[in-house]
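Some notes on the structure that comes next.
The values are calculated or read from the model by the stated rules, or taken from the named source; none is laboratory data. The structure presented is a predicted model; accordingly, all values stated were derived computationally and were not measured. Neighbour counts are summed over all protein chains in view; Cβ atoms, including those assigned to glycine, are modelled from backbone coordinates with ideal geometry.
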Amino acid sequence: MTSEGSAQAHDWLDDAGSGTPESPTFDTSVAHIARVYDYWLGGKDNYAADRAAGDAALQAYPDLASSVRVNRAFLARVVRYLTAEAGIRQFLDIGTGIPTSNNTHEVAQSVAQDSRVAYVDNDPIVLSHARALLTSNPKGATDYIDADLRDTDRILAEAARTLDFTRPVAIMLIAILHLIGDEDDPAAIVARLLDAVPPGSYLAISHVASDIEPEKMAEMRERLNRMVSQKGTYRTQAEVSSFFSGLELVPPGVVRIQEWRPDAELEAKRPAAMWGGIGYKR
Amino acid sequence: MGMVQPGSHPTEGSDPDEQLGGPTVVRMLLGTQLRRFREASGITPDEAGYEIRATRFKISRLENGRVGFKERDVADLLTLYGVTDEQVRERMLALTRQAGTPGWWAQYSDLLPDWFETYLGLEQAASLIRTFELQFVHGLFQTEDYARAVMVLGHRAAPADEIDRRVSLRIKRQDLLSRPKPPRVWSVMDEAVLRRPVGGREVMRSQLRRLLEVTELPHVTLQVVPFRYGGHAAAGGSFTILRFGDPDLPDVVYIEQLTSALYLERRDDVDHYMEVMNRLNAEARTPTDTASFLSEMIRSV
């Protein structure tokens with residue numbers, strides 16, 4: 001990050017009028033998926049349109065409120081596993097979302113203080129929140145990258161500021177790949193990211209399911225796609241598993257996220273309609 | 001009820017209980033619970049007010065946690081709302097007693113209009129404080145000399161010892177930044193705040209150094225909105241948004257005026273200010289750029 005302007009007083013007018021970056025989040029009259037997600041999680045960073053879309057989805061699939069919390073718990077277990085058991089110290093977390101509790105660097109740094117996390121999001125408001133609220137402890141590092149998941153070149157170039165790509169990296173795609181339609185070839189995106197990391201690296205995915213409670217999920221997808229600007233594509237267990245091709249799956253493989261190494265029996269029984277897993281690059 | 005202006009309604013402002021400071025968040029939690037019980041029992045604010053010999057305005061202010069509670073009133077309201085579970089009643093009454101404990105600022109109460117005392121309570125209770133400043137450095141970051149210069153501007157006729165006490169209150173307020181579980185403070189300043197030499201060049205230089213120091217605190221984030229943005233979203237001026245840890249408590253927008261303040265907590269109002277704040281945060285220099293900008297300014301002042 002470089003200073004983008006001089007502190008001299010006489011240059012105010014030099015590049016005046018460069019104006020406001022426009023983005024979907026600035027338009028609060030249309031629901032935005034990051035804010036809808038915040039609403040489901042019980043956050044306070046959402047607006048009327050987000051709450052309306054959120055409620056419409058909840059009516060179609062009432063267990064959604066549980067599902068998003070189970071997804072956060074999955075994220076925390078994955079990061080803990082990667083840090084404590086796999087010895088990973090570098091994370092590329094794409095699709096940061098509005099900060100909530102148990103963010104990637106908090107979980108990682110609670111196990112290993114020197115953990116480094118590059119957060120990636122394509123939304124200016126998510127990013128300004130991340131810069132302000134997802135701050136590292138002094139022994140580790142956090143960085144924030146403004147990029148779309150489809151723009152892997154930019155992600156990898158900017159992540160190199162913080163992450164050493166000659167050492168293992170965990171690529172975190174938590175509840176984000178369902179926002180990439182088949183026309184954008186999500187498998188190729190995942191493959192490009194994996195190409196950039198050395199053997200010993202990991203890929204973690206959680207993905208909204210089309211084959212768990214299929215009728216309810218289809219109804220929910222239809223409602224959300226009508227009301228939210230980011231369109232969703234839900235996928236089957238087989239489709240999600242295919243993103244891990246060429247990797248060695250860490251047991252128990254690609255499963256319902258609540259059943260992925262649950263801390264307690266009760267946790268494994270909480271409802272959620274998402275698939276998730278971790279793969280290891282040999 | 002958005003607006004709090006003590007004395008603005010004929011039946012208000014005379015009740016000594018309303019002057020109580022006390023741990024504000026406890027009052028807010030208590031108020032939120034009381035509103036739930038009242039709504040669940042289908043009782044109107046007028047009916048509730050009648051029960052405790054007060055008005056619906058008083059009920060609204062109680063439920064918003066803006067004023068202190070009498071234990072007897074809480075007990076009467078719980079009975080009216082049909083809350084008979086002894087454990088629940090005892091917990092509510094214990095909260096009431098806790099809410100009656102005065103805050104540390106009670107010793108300065110002769111200097112504090114009650115609209116500002118309310119703010120101090122909310123600030124102490126907040127888990128996230130987001131501010132936009134157009135004119136002065138935020139009170140939580142002011143050096144003693146800068147604070148003194150601001151106080152003199154605002155209270156020209158005040159004797160020296162009163163100015164001293166006002167300054168010491170402001171500095172004492174800053175203890176919240178170094179307490180064990182400090183709130184996160186996320187502050188955006190217009191560049192004008194940094195350019196205006198309040199108290200003169202030396203005072204301002206130290207103030208800029210202080211700002212640079214606070215950027216090092218893990219729970220503080222500063223951002224500057226550069227002049228080169230021809231205009232920005234906050235056409236209305238400085239404001240603060242306070243967030244509380246409890247998920248049931250709504251965000252509160254605080255807007256200070258010369259002789260009173262607005263407290264907004266209606267969802268529509270809060271959403272509007274939140275949107276403006278979000279735009280400001282996205283337009284402003286990043287926290288990292290702000291720190292380098294401050295360093296450069298310190299060199300050039």
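Of all residues in the range B:52-91 being part of a helix (DSSP H, G or I) and polar (S, T, N, Q), which is nearest to B:GLU117 (Cα to Cα)? Spell out how you get there, then give the answer.
Step one: list which residues in the range B:52-91 are part of a helix (DSSP H, G or I), which gives B:56-63, B:71-80, B:86-91.
Going one step further and asking which of them are polar (S, T, N, Q), we end up with B:60, B:79, B:87.
Numbers: B:SER60: 19, B:THR79: 31, B:GLN87: 32 Å.
My answer is B:SER60.
Listed here are the residues, each with its yes/no results for (1) in contact with an Asp or Glu (Cβ under 9 Å, 6 or more places away or on another chain); (2) surrounded by 19 or more Cβ atoms within 10 Å (Cβ to Cβ).
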| residue | (1), (2) |
| --- | --- |
| B:ARG205 | no, no |
| B:ARG209 | no, no |
| B:GLU213 | no, no |
| B:ASP248 | no, no |
| B:VAL253 | yes, yes |
| B:THR259 | no, no |
| B:TYR263 | no, yes |
| B:ARG266 | no, no |
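Just to be sure I understand, how many residues within the range B:264-281 are in contact (Cβ under 8 Å) with a residue 24 or more places away in the chain and more than 8 Å from every other protein chain (Cβ to nearest Cβ)?
So the count comes out to 9.
For the condition of a type outside the set (D, E, K, R), buried (at least 19 other Cβ atoms within 10 Å of the Cβ) and within 30 Å of B:ARG166 (Cβ to Cβ), what is the one hit in B:ALA106, B:ALA99, B:ALA48?
Values: B:ALA106 fails: buried (at least 19 other Cβ atoms within 10 Å of the Cβ); B:ALA48 fails: within 30 Å of B:ARG166 (Cβ to Cβ).
Step by step, each of B:ALA106, B:ALA99, B:ALA48 is checked, and only B:ALA99 is of a type outside the set (D, E, K, R), buried (at least 19 other Cβ atoms within 10 Å of the Cβ) and within 30 Å of B:ARG166 (Cβ to Cβ).
Please state which one of B:GLY42, B:GLY139, B:GLY103, B:GLY68 is among the small types (Gly, Ala, Ser), modelled with pLDDT of 90 or more and farther than 29 Å from B:GLU191 by Cα. Lay out the reasoning, then the answer.
Numbers: B:GLY139 fails: farther than 29 Å from B:GLU191 by Cα; B:GLY103 fails: modelled with pLDDT of 90 or more; B:GLY68 fails: modelled with pLDDT of 90 or more.
After ruling out the rest, the residue left standing is B:GLY42.
Could you pull out the residue among B:PRO182, B:PRO197 that is within 27 Å of B:TYR263 (Cβ to Cβ), within 14 Å of chain A (Cβ to nearest Cβ) and in a loop (DSSP other than H, G, I, E, B)? Break it down into steps so the answer makes sense when it comes.
Numbers: B:PRO197 fails: within 27 Å of B:TYR263 (Cβ to Cβ).
The conditions single out B:PRO182.
Looking at (1) facing chain A (nearest Cβ under 9 Å); (2) in a helix (DSSP H, G or I); (3) crowded, with 16+ Cβ neighbours inside 10 Å, find the lone condition where B:ARG299 falls short.
B:ARG299 satisfies every listed condition except (3).
Please indicate, with yes or no, whether at least one residue in the range B:52-59 is surrounded by 18 or more Cβ atoms within 10 Å (Cβ to Cβ), touching a residue at least 60 places away in the same chain (Cβ under 8 Å) and either charged (D, E, K, R) or closer than 14 Å to B:ARG35 by Cβ (or both).
No: zero hits.
Residues to consider are B:ALA291, B:ALA261, B:ALA284; find the one that is small (Gly, Ala, Ser), in contact with a helix residue (DSSP H, G or I) (Cβ under 7 Å, 6 or more places away or on another chain) and within 11 Å of chain A (Cβ to nearest Cβ).
Working: B:ALA261 fails: within 11 Å of chain A (Cβ to nearest Cβ); B:ALA284 fails: in contact with a helix residue (DSSP H, G or I) (Cβ under 7 Å, 6 or more places away or on another chain).
Sole residue among the options that is small (Gly, Ala, Ser), in contact with a helix residue (DSSP H, G or I) (Cβ under 7 Å, 6 or more places away or on another chain) and within 11 Å of chain A (Cβ to nearest Cβ): B:ALA291.
Taking the condition of being buried (at least 22 other Cβ atoms within 10 Å of the Cβ), within 10 Å of another protein chain (Cβ to nearest Cβ) and touching a residue at least 60 places away in the same chain (Cβ under 8 Å), how many residues in the range A:122-166 meet it?
Looking only at that region, the number is 4.
Scan the range A:96-121 for residues that are modelled with pLDDT under 95 and surrounded by fewer than 23 Cβ atoms within 10 Å (Cβ to Cβ) and report the count.
Here the count works out to 4.
Has the range A:24-37 got at least one residue that is within 14 Å of chain B (Cβ to nearest Cβ), of a type in the set (S, T, N, Q) and in contact (Cβ under 8 Å) with a residue 40 or more places away in the chain? Before you say what the answer is, go through the steps one by one.
Within the range A:24-37, the subset within 14 Å of chain B (Cβ to nearest Cβ) is A:24-32, A:34-35.
Filter once more, so that each one left must be of a type in the set (S, T, N, Q): A:25, A:28-29.
Narrowing further to those that are in contact (Cβ under 8 Å) with a residue 40 or more places away in the chain: A:25.
So far as the range A:24-37 goes, yes, one or more of its residues are within 14 Å of chain B (Cβ to nearest Cβ), of a type in the set (S, T, N, Q) and in contact (Cβ under 8 Å) with a residue 40 or more places away in the chain.
On the basis of being in contact (Cβ under 8 Å) with a residue 12 or more places away in the chain, among the polar types (S, T, N, Q) and under 23 Å from A:THR152 (Cβ atoms), does A:SER206 make the cut? I'd like the intermediate steps shown before the answer.
Values: in contact (Cβ under 8 Å) with a residue 12 or more places away in the chain: yes; among the polar types (S, T, N, Q): yes; under 23 Å from A:THR152 (Cβ atoms): yes.
When the stated conditions are applied, A:SER206 passes them.
Out of the strands (runs of 3 or more DSSP E) lying entirely within the range A:112-187, which hold 1 or more residues that are more than 30 Å from B:ILE129 (Cβ to Cβ)? Outline the logic, then answer.
On the way: elements: A:116-121, A:141-146, A:170-174.
By residue number, A:170-174.
Within the group A:ASP211, A:ASP195, which residue is of a type in the set (Asp, Glu), more than 14 Å from A:ASN71 (Cβ to Cβ) and surrounded by fewer than 15 Cβ atoms within 10 Å (Cβ to Cβ)? Explain how you work it out, then say what you get.
Working: A:ASP211 fails: surrounded by fewer than 15 Cβ atoms within 10 Å (Cβ to Cβ).
Step by step, each of A:ASP211, A:ASP195 is checked, and only A:ASP195 is of a type in the set (Asp, Glu), more than 14 Å from A:ASN71 (Cβ to Cβ) and surrounded by fewer than 15 Cβ atoms within 10 Å (Cβ to Cβ).
To keep it simple, each residue is scored yes or no on (1) modelled with pLDDT under 95; (2) farther than 19 Å from A:LEU179 by Cα.
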residue	(1), (2)
A:GLU219	no, no
A:GLY232	no, no
A:PRO251	no, yes
A:ARG261	no, yes
A:LEU266	yes, yes
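Specify the residue that is modelled with the lowest pLDDT; the eligible residues are those in the range B:113-135 that are surrounded by fewer than 21 Cβ atoms within 10 Å (Cβ to Cβ) and part of a loop (DSSP other than H, G, I, E, B).
B:PRO113
Inspect the range B:158-175 for any residue being in a loop (DSSP other than H, G, I, E, B), surrounded by fewer than 16 Cβ atoms within 10 Å (Cβ to Cβ) and away from every other protein chain (no Cβ under 14 Å) and give the result as yes or no. Give the steps one after another, and end with the answer.
So in the range B:158-175, the residues in a loop (DSSP other than H, G, I, E, B) come out as B:158-159.
Subset that is surrounded by fewer than 16 Cβ atoms within 10 Å (Cβ to Cβ): B:158-159.
Add one more test, that the residue is away from every other protein chain (no Cβ under 14 Å), and what stays is B:158-159.
Yes - at least one qualifying residue is present in the range B:158-175.
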